[in-house]
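Asks: Quick one: the structure is below, questions incoming.
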Amino acid sequence: IWIFHIFYAEETLIGNLASMSTSERTKAIQKMPETMKKKREIRNKVLKVVIKKSRHRSTQLPCCTQHLQGTVMSFRQFGNRLSECFQQLHFWHKTLKIIGAEFGTSVLSYFIFLKWLITLNVISFLINFSFITIPQFVAAEPNNLLFTGLELLTGAGYFEQTVLYYGFYTNATISKIENGPSYKMQLAYVFTVGIYFVICFLILLFSMVQSFRKNFINPHTYSGNASKLLCIWDFNITNEKGVKLKQKNLSTQLKEALSDVNQEVLNFSVKERVVCIVIHLVSWLASLGIAIAACAGVYFLSINNLKLFVKGHKNDLESQAAMLVLPVVVSLLNTFIPFFYSWLGSLESFQTPGQQIYVTIFRNTILKISIVGILCYYWLNVVAASESQCWETLVGQDIYRLVLVDFIFCLLGSFFGEFLRRIIGTTVCVSLGLPEFDIGRNVLDLIYAQTLTWIGILFSPLLPGIQMISFLIVFYVKKISLMMNCQPPRIVWRTAQMTTSFMVLLFFPSFLGALSVIGVTFWRLKPSEECGPFRGLSSMYAAISEWIKILESYTASKWVVWIYHNLITSELFFFILSTVVL
């Protein structure tokens, strides 16, 4: 009898839901105090009932209406199944929950940002591989160079004659069938890179606006401690591990929310304020002086490095090792100077940990962007004017080595900076204790690596794929190192706005700076005469101009010509666009 009552109640519920409209039915299912699995089962049963009713009614309807209803229901079922698949493919959901519960939102924001960058590079790799690399395979010539294995570190040798670099791509129109459809590689290269940057621009803009609205305009989700305590519990959680994880997460959120209320305001005397100001000034002068010295060293080293390549490019061990000098020095500077900046921050008196992290991030940003700026000046003004047969490939190799060596140093930083530090803090010098996860340094490492990827995409189209793999490895290495070696922040504090700050730094100066480098290369620099899809042209932009001249003779393409003359070549259009965006 009990089973019969349950079955009857469920049938009644399904019948009532089937009689509702689609929006009412969705809201009613969402409000049910059931698990997600149970809700999906109810929804699928309701859809079956709706389909049966629609089929019964369809016998009295015209043929076109029957097909239309069937198509609508099929699309609805397909959408439901697709959403379920995406929920199952929500990578690292449990991992991020554990990190947030154990270490708080400040450390969690780093891993969310890293996951976002991985997704961005997956999109980039798919776009480039589909529209640039796959067509090149059709027209590719056999590679006669010997693979020794050192190419994995240097990016030279065998890789020079592969789709990894700009110089290997053809400038011909690819066509496998005579008088059949053709594929113009010059236009494909331009439009693929251009559309990718437009997509990145829109994604970054949307992410910044969404994060800003969530954390600054509508910050109610982070306030109201009483409502959070009384109403935040999810009664669908029945698993014991899930309950404990939710308890830890809720406890951490409450501690972070209360940290602003319990924050102590430091009252300094006049003498102490003067001392603090002097310490701040000295720290800033020291950080800026070190950044300037590092940039000067990188520039002179890169000039000497180019002389070695121009004089004689050999494949012996000595020449291969010489290629790695510049990226190793740059990575050493980017690794050890931030430790010095963190030490400077510990000497200064900040009211909250957030202030110290933001100051450290800003100093690291100046350092890394300055080094990247010096390298870009070297590539666009020195390498592009050198006697190299294919300067674009040379730039691509430099960026490949920088990305690879930076990835290696990132792994070594987790070992030496966190693992050995834990060993020392628990055995040799117990007073040190376990290390804390350095959010500022690690975030700037990600932004620096992504900046190199954006700059190098024109010279090495498959670089986003390499960066995607390196970010995946970094995610798991950092997660394991965090769980094994680090302790939660000693001072709990709320960092709801930190993700927004990461997005802003990624947009400016990282993305806009990389876009400026690509723009200068595309419009002003002369491509190499003997390699790449733009060989023989005065600039990469000339490929677009020649294509527009061809389209002017076709009546059906007049709208493309109008867009080119009235928008693409209009300074007023770009001025209005930049004003609206900024």
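The values are calculated or read from the model by the stated rules, or taken from the named source; none is laboratory data. Predicted, not measured: the structure shown is a model, and the values here were computed from it. Heads up, the Cβs are rebuilt from the backbone with ideal geometry, glycines too, and the neighbour counts pull from every protein chain shown. We work out accessible area using only protein heavy atoms, side chains counted, and drop any ligands, DNA or RNA first. Shrake-Rupley method; radii C 1.70, N 1.55, O 1.52, S 1.80 Å.
Asks: Under 12 Å from the Cβ of Leu404, count the other residues' Cβ atoms, weight Lys and Arg +1, Asp and Glu -1, and hand me the total. Intermediate values should be presented prior to the final figure.
Replies: On the way: positive: Arg401; negative: Glu151, Asp398, Asp406.
Counting the neighbours of Leu404, the net charge comes to -2.
Asks: For Ile290, what is the net charge nearby, where nearby means another residue's Cβ is under 14 Å from its Cβ and Lys, Arg count +1, Asp, Glu -1? Working shown, then result.
Replies: On the way: positive: Arg363, Lys368; negative: none.
Once all neighbours under 14 Å are counted, the net charge is +2.
Asks: Rounded to the nearest 20 debye, what is the charge dipole size of region 517-576 about its Cα centre when +1 sits on each Lys and Arg Cβ and -1 on each Asp and Glu Cβ?
Replies: The calculation lands at about 40 debye.
Asks: Enter the accessible area per residue of region 406-544 (Å², integer; probe 1.4 Å; all protein chains in place).
Replies: Accessible surface, normalised per residue, equals 37 Å².
Asks: Give me the net charge of Pro338's neighbourhood, meaning all other residues with Cβ under 11 Å from the Cβ of Pro338; Lys, Arg count +1, Asp, Glu -1.
Replies: Neighbourhood net charge equals +1.
Asks: Given a cut-off of 26 Å, name the pairs among Lys27/Lys479; Lys39/Lys94; Lys115/Lys214 whose C-alpha atoms lie farther apart than that in the structure shown.
Replies: Among Lys27/Lys479; Lys39/Lys94; Lys115/Lys214, the Cα-Cα distance tops 26 Å for Lys27/Lys479.
Asks: Applying a 10 Å radius around every beta-carbon, put 143-153, 129-139 in order of their mean neighbour count, most first.
Replies: 129-139, 143-153
Asks: About the Cα centre, and with charges only on the beta carbon of Lys, Arg (+1) and Asp, Glu (-1), how big is the dipole of region 430-529? Nearest 20 debye, please. Don't skip to the answer; put the middle values down first.
Replies: On the way: 7 positive and 4 negative charges, 28 e Å.
Using Cβ point charges on Lys, Arg, Asp and Glu, region 430-529 gives about 140 debye.
Asks: How would you classify region 538-581 from its alpha-carbon gyration tensor, with a ≥ b ≥ c the square roots of the eigenvalues: rounded for a/c under 1.5, else prolate if a/b is greater than b/c, otherwise oblate?
Replies: Since a/c reaches 1.5 but b/c is at least a/b, the shape of region 538-581 is classed as oblate.
Asks: Now for a different question. Return the FRET efficiency for the residue pair Ile303, Asn143: r is the Cβ-Cβ distance, R0 is 25 Å, and the value is rounded to the nearest 0.05. Walk me through the intermediate numbers first.
Replies: Details: r = 31 Å, r/R0 = 1.25.
E between Ile303 and Asn143, to the nearest 0.05, is 0.20.
Asks: Using only the Cα atoms of region 316-424, build the gyration tensor, take square roots of its eigenvalues as a ≥ b ≥ c, and label the shape rounded, prolate or oblate: rounded if a/c is under 1.5, else prolate if a/b is larger than b/c, else oblate.
Replies: Judged from the Cα gyration tensor, region 316-424 comes out oblate (a/c at least 1.5, b/c at or above a/b).
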